[in-house]
Amino acid sequence: QTLVNKGKIHLFRNLLKSTPSSCKCLLVRKHSDGAQRFVSFDEVVAQRRAEARRSIVVQVNSEASFNELYGYCSKYATIAGVHHYKNTGGEHFMLIEFSSEDNLKEIIKSCSTHQKDLDVMALNSPFLWFRAASGKKEVFKTPSMTLSSMDGCSMVDEDELFQELLKCDTVSDQIQLLYDRTKLNDLGIRLRYMVARQVECVFESLYANIAVRPFGSSVNGFGKMGCDLDLVLTNTLTEEMWNELYHANVRRAQVKQKMKSKSKHNHSVSRLGPLDESSAHKRLVFQDKRCEGGRSPRQRHMESVAELLELRVPGAARLQRILHARVPIVKFAHDYTDLDCDLCYNNMSGVHMSSLLWSLGGLDARVRPLTFAVRRWAQAAALTNPHPGRWITNFPLTLMVLFFLQNTPGGCVLPTVKTLVQRAGKEDVRIAEENLNCTFLRDMNKLPPECYSQNKANLQTLLLQFFEFYSQFNFQDKAISINEGTAIRKPNSLPLYVVNPLEQALNVSRNVSYEECERLKLEVRNAAWQLEAGLEGQKNDDWGVLGLVERKTTRGLKKLLRVGNSHRLVSVKDLFNDTEESVSKETLKNKLE
Ligand code: CTP
Ligand code: MG
């Protein structure tokens, strides 16, 4: 898209030629008539899930194993693409995408298990390893494709990024670069869907109609390299049932209405589709198994989920059970992909929220870069923190950016959620667990152009206006609601109130303390001032967004290093190398000074 926007259509065409066909629909965003086409969340998810179903991740010795692995696998199936990466443990992996799911079944059939250890039970998982050949080495032809080598797990090198930001011509370029260099890349997304698929494989054999879906920043378009992986285990039949129940209620209400008024609206009832599609007409029903005993069934399910993750999911380690929260979760680390994962159960509203954020983020090319800059600034100012606590998190912060973009001077950049709800059709109806209505327009191609991108300001102006907007915001009395697109009255006295767009009675920033909210107010004022000051004069180390996105505690140290002072810095380890074990307080103080 960047190439097309820059008029470099020939480069874009070349890129398209060398892209596996499965990725093309993600790249092509323009109709033949030149009009923009938005790819819906459901389209992307369906495609990524299908991609994961025909992929495996194989641990290998090094990149040099490519020829052998390619040759070995192509004996069984047609390969569509191979991606190499290393995890932080220095282990090498290759993600192989096959042409079809049937192809993958052939490969899986050919897999063997570790026979030597009788305590290890065989597992069915798309994560495999490539054993060294025994006996005479087979000779394979040179692969007909090149190996794509990317960082799937690791984050961008901060010093390199800093140097690149320093070289940018404008602040808008800096914001765009920050986004382009830190956003989740294709391999990062593939690996996240692979972990979801791996967990799904385990539960598929135990539960009917099960799906494991990623949600949150991994899929909503606001994810950066290294972000956590939020997963939800759902029963697809329950999802269908809620939707059907809703449609049945609508039908009933319409029939009642029709009988009352005996009007000409007969056709609108039939348009809703025949009732016999609903699950009420499926005559054979699974026998249920109810959880008995004192604890809540959801908690007990999550306990068994945790147990299975420990026993049956290779790579899943360091499990933590957080079962007393409003939404019980199991946390685990996935060692092959370096991902921190949170798994919850039957919480589809998180997926619908991701769909909403995906749609709003895709409507205008400035939304995601601006949000990245704001999230990065908040991290540098220590407003956000990787550990849960009394501070704001990325999710409400993102909603604050979206709210600002609904209120930009000279016309909105984004529509309100209310507009999306009003424009929803029958195909957009989604009812999540506990009858939560998550219906809003999914296909942004149906949204009239006058509903968005009315303001044409560049990213620099928008970032400055964002800080100015919140410098003047009345946090004391007002709540932020992207549903209404205007500040509404706070229903209680919590310091920061950001309305949950899908459950409007909830405040997504209810954990934020008074002190943290005060710090947020102070930091937005500082940032507005700093950005404005940084636009004038020479391009120094704090130029443009640099002063905002570098962590304050390390800024002094980095400056010292850049001006060639590294010889003055001594490692604490070296300081004590020649010291006897017990050091007096006085010596310690002298040494540190
Ligand atoms: N969520 C929610 N209500 C909250 C918190 C979270 O509905 N109070 C949902 C949102 O859909 C959010 C997702 O849960 O995107 C995951 O939450 P979290 O991991 O905290 O945020 P992310 O958006 O994934 O951002 P990050 O990159 O910081 O993980
Ligand atoms: Mg997350």
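The values are calculated or read from the model by the stated rules, or taken from the named source; none is laboratory data. The shown structure was predicted, so the numbers you read here are calculated from the model rather than taken from an experiment. Ideal geometry is used to build each Cβ from the backbone, glycine not excepted, and the neighbour counts take in all protein chains shown. Just so you know, the surface numbers come from the protein's heavy atoms only, side chains and all, with ligands and any DNA or RNA stripped out. Shrake-Rupley method; radii C 1.70, N 1.55, O 1.52, S 1.80 Å.
Structure notes:
- Residues whose placed amide H lies under 5 Å from that of residue 92, excluding near-sequence neighbours: 60
- Surface accessible to a 1.4 Å probe, per residue, for the residues of the range 293-431, Å²: 38 Å²
- Heavy-atom surface analysis with a 1.4 Å probe gives the range 41-82 a carbon and sulfur content of 47 percent of its accessible area.
- Distant-in-sequence amide contacts of residue 129, defined by a placed amide H-H separation under 5 Å and a gap of 5 or more residues or a different chain, comprise 59.
- Here the accessible area of the range 332-431 is 52 percent carbon and sulfur, with a 1.4 angstrom probe and all protein chains present.
- Computed Rg/Rh of the range 307-434, alpha carbon atoms with Kirkwood Rh: 1.03
- Amide H contacts of residue 502 (H built 1.01 Å from N, in plane; Pro and chain starts excluded): no residue 5 or more places away or on another chain comes under 5 Å.
- Cα-Cα over 19 Å, subset of 183/331; 478/521; 105/141; 426/446: 183/331; 105/141
- 3J(HN,Hα) from dihedral phi, the range 81-86, Karplus parametrisation 6.51/-1.76/1.60, rounded to Hz, x for glycine, proline: x, 10, 10, 9, 8, 10
- Cα gyration tensor shape of the range 448-556, rounded if a/c is under 1.5, else prolate or oblate by comparing a/b with b/c: oblate
- Packing, as the average of other Cβ atoms within 10 Å across residues, places the peptides 347-355, 68-76 in the order 347-355, 68-76, highest first.
- Charge sum, other residues only, whose C-beta stays under 11 Å from residue 87's C-beta, Lys/Arg counted +1 and Asp/Glu -1: -3
- Anisotropy class of the range 373-487 from Cα gyration tensor, a/c 1.5 cut: oblate
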